[in-house]
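The values are calculated or read from the model by the stated rules, or taken from the named source; none is laboratory data. The shown structure was predicted, so the numbers you read here are calculated from the model rather than taken from an experiment. No Cβ is skipped: glycine too gets one built from the backbone with ideal geometry, and neighbour counts run over all protein chains shown. When the accessible area is computed, the model is the full protein with side chains, heavy atoms only, and any ligands, DNA or RNA have been set aside. Shrake-Rupley method; radii C 1.70, N 1.55, O 1.52, S 1.80 Å.
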Amino acid sequence: MSNLFCRKSDLIVHSKTPFNAEPPLHRLRGRLMTRQEDFYVRSHGNIPQLDERTHRLRVTGMVQAPLDLSVPELRARFPVRTVTAVMQCAGNRRADQQQVRPTLGDPWAPGAIGNTDWTGISLADVLEAAGAEKDAILHVAFDACDEVEMPKEGRFNYGASIPMAKAMAPEVLLAFAMNGEPLAPEHGYPLRVVVPGYAGVRSPKWLSTITVQNKPSSNHMQARDYKLVPADVTEDTVDWDKGVTIYDMPLNSAICEPAARAVLKTGRTTVRGYAIATARDVVRVDVSIDGGRSWRQANLEHDPHAPWSWTFWSADLDLPRGDHELTVRAWDSAGQTQPAQPDDTWNFKG
Ligand SMILES: Nc1nc2c(c(=O)[nH]1)N[C@H]1C(S)=C(S)[C@@H](COP(=O)(O)O)O[C@H]1N2
Ligand SMILES: [Mo]
């Protein structure tokens, strides 16, 4: 663990056990490809210390030929590929919702997100080799090595699932490297799932088992958490079976610079941030200096070869003397934009 605190010493730590931390926003916005040491960490349990030579991945369930392979065996047997993609926690920017009303969960600023080159093998290739049934109504469940402990549920291994249609998509990886470096222990060494476009919760780290099955994972993370509920539902009244499972993440954008409540010189200021539209493209970003009464367009920076990557935006603004409320909103390629008021998306889970 001491190595972890050295590597991640520059992050804003929300909790030490389990370890949850995010980078300062100016560093996050400093590079299109987030460095591993700047990459947020979201963990629900311990950080297992595993060895890629002894760690095994099992593929089971509705498959003709179950597999049991080490990471070197996976690497040798399947084509290795790299996908540039954002990983984002479903709780990213929760601190903004908490300004509306309190919620459960850590107060993530806009730093629970990162963009990197993930290198690994396609989940689709592994499912193919196992002779998996591929009906679109099926689900692919993942189990991990870390142990989560909760007051009511007790101790259990982290797990989640994704629908078969997404599992067969070429961008979904079993990854062993970030930006060409082996995964750090806190990011899932030696093997993790990466589901571009989906909330981070569906991308288990320290992957041990893949199960093809006819229903979503029954793991707490899938069945009793990470679901979208309306604003009138509370911790006491929530019916998790009625919540909508968070898979694809919504359109989002954030201001990284200047920092909130910054005191600036009068005159020209460059405002910078990121925007994401997951499966769609960000086509426009608007910035306002009067809390959303008037808008002007920002410049966009996006790698056209990396559809799962984020979009960086910037705008040079002339700020007269006085207080200014800076606001940003992104537009996606379907012409949709973000809600005008933070209250519109508030829920007790944040
Ligand atoms: N095994 C395991 N996988 C996990 C988690 C976890 O706690 N345990 N957290 C998930 C959540 S909620 C997120 S947002 C991402 C965070 O990945 P990172 O820590 O590499 O940034 O991992 C996901 N995969
Ligand atoms: Mo998350």
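Worth pointing out:
- Gyration tensor verdict on the chain (Cα atoms; rounded if a/c is under 1.5, prolate if a/b is larger than b/c, oblate otherwise): prolate
- Label zone at GLU133 (point 7 Å along Cα-to-Cβ), backbone N below 11 Å, region 40-69: 61-64
- Amide H partners (placed H, <5 Å) of HIS14, local residues excluded: ASN20, ALA21, GLU22
- Split the accessible area of region 252-345 by element, probe 1.4 Å, and carbon with sulfur accounts for 45%.
- Extension gain (nm, one decimal) between THR266 and ASP323, 0.36 nm per residue minus Cα-Cα: 19.5 nm
- The THR234 and CYS6 beta-carbon pair, evaluated with R₀ = 41 Å, returns a calculated FRET efficiency of approximately 0.50.
- Gain upon complete extension [GLU301, ALA65; 0.36 nm per residue less C-alpha separation]: 80.5 nm
- Heavy-atom accessible surface of region 2-245: percent carbon and sulfur, 1.4 Å: 50
- Between region 147-172 and region 254-318, the alpha-carbon centres lie 33 Å apart.
- Shown is the FRET efficiency for ALA259 and ARG155, computed with R0 = 30 Å from the Cβ-Cβ distance and rounded to the nearest 0.05: 0.15.
- Taking amide H as placed 1.01 Å from N in the peptide plane, THR84 has its amide H under 5 Å from the amide H of TRP118, each at least 5 places away in sequence or on another chain.
- Kirkwood Rh in Å, taken over region 252-345 so that all alpha-carbon pairs contribute: 13.9
- Additional length obtainable on full extension of the chain from ARG58 to ASP343, 0.36 nm per residue less Cα span: 98.2 nm
- Across LYS134/LYS215; LYS8/LYS227; LYS242/LYS349; LYS166/LYS242; LYS16/LYS349, pairs whose alpha-carbon gap is larger than 25 Å: LYS8/LYS227
- Less than 5 angstrom separates the built amide H of MET62 from those of VAL212, GLN213, all sequence-distant by 5 or more or on a different chain.
- Cβ-based net charge around LEU11, under 11 Å, with every Lys or Arg adding one and every Asp or Glu removing one: -2
- Region 200-304 - percent relative contact order, Cα under 8 Å, separation 6 or more: 16
- Percentage relative contact order, region 2-245, counting C-alpha pairs under 8 Å, at least six apart: 21
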